[in-house]
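**Student:** There's a structure below that I have some questions on.
FYI, it's all coordinate maths here, none of it is from the lab. Everything numeric in this text was worked out from a predicted model, so none of it was measured. Every residue, glycine as well, gets a Cβ built from its backbone with ideal geometry; the counts of neighbours run over all protein chains shown.
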Amino acid sequence: MSVGFFGGKFLPLHLGHVYAIVQASSIVDELYLVLSNSEKRDKELCRDTKMEYIPAQIRLRWLSKLAKDMPHVKVVSIEDFQGNDDYDWKEGAQLIKKVIGKPIDYVFSSETEYNEIFKELYPVAKHFLIDPIRTHVNISASAIRKEGVFRHWEYIPDIVKPYFVKKVVVVGTESCGKSTLTKNLAKIYNTTYVEEYGRIVCEELGGCDGIIVKEDYLQIATVIR
């Protein structure tokens, strides 16, 4: 049975990653998605960019959602405490081999610059390049960090988008135009909106005067969230 892995920081996960993962999963019998993370290193990569640091737990959730319908794809997380400039590739390879626990036949990536280091660290494995010149999906995580997530929104997977979506609350007195304003803003910014659910609750109750209880507010808040 052939075994391979595709590793990365997935900071953030984008459609280029998704393409590579799907391609890799069709080549081996068992594929490991390795989230290599270090809070120190990942914060360094996000410094002076247009994207804030994303906790490893969030990125692990993205990968798990992506692979949940792929039974031969396993998601693992490997944490270290090194920076970007002093990362120990040999130590990282040892941790990956330990977690996978079986001979590795393929190491997948999209980076030709990894040829020599992978040849040294995984001498019996084949370094299999997937879309190295970004012909199929012309995007990189570094470009997203540098230029901002919303600049490259079309390359962000649906399972990732909710993390970055900004929520805007419109407040005001009764019948001041909140609903109309909200609908118009949604049209302008090409997004979705939530109806005034409090009004729906009142209509379901037949009126609100004197009959709203605190449990109703919990229901309203839950729907809006």
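**Student:** Give the separation of the Cα centroids, region 91-144 to region 36-66, in Å.
**Tutor:** About 19 Å separates the Cα centre of region 91-144 from the one of region 36-66.
**Student:** Which of the GluC sites (Glu not before Pro) found in region 12-104 are in a DSSP loop and have at most 13 neighbouring Cβ atoms, other than their own, within 10 Å?
**Tutor:** Those that pass, being in a loop and sparsely packed, are Glu52.
**Student:** List the cysteines of the chain that have no other Cys Cβ closer than 4.7 Å: which are they?
**Tutor:** Unpaired cysteines in the chain: Cys46, Cys176.
**Student:** Related question: Of all trypsin sites (Lys or Arg not before Pro) in region 163-219, which ones are in loop regions per DSSP and have a Cβ with at most 13 other Cβ atoms within 10 Å?
**Tutor:** In loop regions of region 163-219 (DSSP not H, G, I, E or B), the sparsely surrounded trypsin sites (Lys or Arg not before Pro) are Lys166, Lys167.
**Student:** Please work out which option in [x] 0.92; [y] 1.34; [z] 0.97 gives Cα Rg over 2.2 N^0.38 Å calculated from these coordinates, and answer with its label.
**Tutor:** [y]
**Student:** Something else: With the Cα gyration tensor of region 1-98 giving a ≥ b ≥ c as the square roots of its eigenvalues, does the rule (a/c under 1.5 for rounded; else a/b larger than b/c for prolate; else oblate) give rounded, prolate or oblate?
**Tutor:** Oblate, because a/c is 1.5 or more while a/b does not exceed b/c.
**Student:** Can you list the lysines whose alpha carbon sits under 27 Å from that of Lys65, skipping same-chain ones fewer than 8 residues off?
**Tutor:** Within the straight-line limit of under 27 Å, Lys65 reaches these lysines: Lys9, Lys40, Lys43, Lys50, Lys74, Lys97, Lys98, Lys102, Lys146, Lys161, Lys166, Lys167.
**Student:** What GluC sites (Glu not before Pro) in region 171-223 are in a loop by DSSP, with at most 10 other Cβ atoms within 10 Å of the Cβ?
**Tutor:** Glu174
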